[in-house]
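Student: I'd like to ask you about the structure that follows.
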Amino acid sequence: MSTPQSQNGPGQGRRARARARELALLALYQWQMTGQDLGAIEAQHLDFDPDEPQPEAGEDEHYPHYPHEQLDRAYFRALLHGVPARLNDLDQSLEPLLDRPLRTLDPLEKALLRLGAWELSERIDTPWRVVINESVNLAKRFGAEQSHRYINGVLDKLARGLPLRSTEIEADRKKRER
């Protein structure tokens, strides 16, 4: 399990991490679809010129154009490189929870499930409900109409089956019972 803290200066928080997840999802989708080198994908997504003209509102509504200070770059890198490094383990943990073979899933859903699975198993510093909620939000934004429900169900089952998360989930359950 890795829990390195991001070091991007003051003001880093949930929004910067949410943006890192979003950019990582798009980068992982690109990697799955093209097989392009991760280093090249990382450079493409991080090494943009903030002074370069950006698309007008609505022109490219799905591609995030974040100034560097609004993106947790270290978290983006951890996600982008962490998922492929543990791809077989992640896929094996997801397969039993799916209603169809992983290879038949929509590529975006597959990238999102892998991203969520990696974060649940490797980033204990991020609460399980946050991981699932952020994944659901990304599915609502980028996925098919009802994909957020599928993502929610699969990641919830995965989290509840991870020994690493059992104490956190039990504490959460007790808090809700009060």
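Student: Filter segment 120-152 down to residues that are closer than 17 Å to Gln92 by Cα and either free of Cβ contacts under 8 Å to residues at least 60 places away in the same chain or over 16 Å from the mean Cα position of the chain (by Cα) (or both), then give me how many there are.
Tutor: If we filter segment 120-152 for residues that are closer than 17 Å to Gln92 by Cα, which is where we start, we get 120-122, 151.
Right, trim to either free of Cβ contacts under 8 Å to residues at least 60 places away in the same chain or over 16 Å from the mean Cα position of the chain (by Cα) (or both) and you get 120, 151.
Summing the residues that are closer than 17 Å to Gln92 by Cα and either free of Cβ contacts under 8 Å to residues at least 60 places away in the same chain or over 16 Å from the mean Cα position of the chain (by Cα) (or both) in segment 120-152 gives 2.
Student: Sticking with this structure for a sec: Return yes or no: is Arg15 under 20 Å from Val131 (Cα atoms), loosely packed, with under 14 Cβ neighbours inside 10 Å and either hydrophobic (A, V, I, L, M, F, W, C) or at pLDDT 85 or above (or both)?
Tutor: On the way: under 20 Å from Val131 (Cα atoms): yes; loosely packed, with under 14 Cβ neighbours inside 10 Å: yes; either hydrophobic (A, V, I, L, M, F, W, C) or at pLDDT 85 or above (or both): yes.
For Arg15, the condition - under 20 Å from Val131 (Cα atoms), loosely packed, with under 14 Cβ neighbours inside 10 Å and either hydrophobic (A, V, I, L, M, F, W, C) or at pLDDT 85 or above (or both) - is met.
Student: Further, regarding this structure: How about segment 65-93: which of its residues are at pLDDT below 55 and surrounded by 15 or more Cβ atoms within 10 Å (Cβ to Cβ)?
Tutor: Within segment 65-93, just Tyr66 meets the criteria.
Student: Could you grab me the full set of residues in segment 100-127 that are in a loop (DSSP other than H, G, I, E, B) and hydroxyl-bearing (Ser, Thr, Tyr)? Lay out the reasoning, then the answer.
Tutor: Step one: filter segment 100-127 for residues in a loop (DSSP other than H, G, I, E, B), giving 100-101, 105-106, 123-127.
Thr126, the sole residue that qualifies.
Student: Another one. Return the total of residues in segment 130-152 being surrounded by fewer than 14 Cβ atoms within 10 Å (Cβ to Cβ) and of a type in the set (Gly, Ala, Ser).
Tutor: Of the residues in that region, 1 qualify.
The values are calculated or read from the model by the stated rules, or taken from the named source; none is laboratory data. What you see is a predicted model; the values in this text were computed from it and never measured. Glycine also receives a Cβ, built like all others from the backbone with ideal geometry; neighbour counts cover every protein chain displayed.
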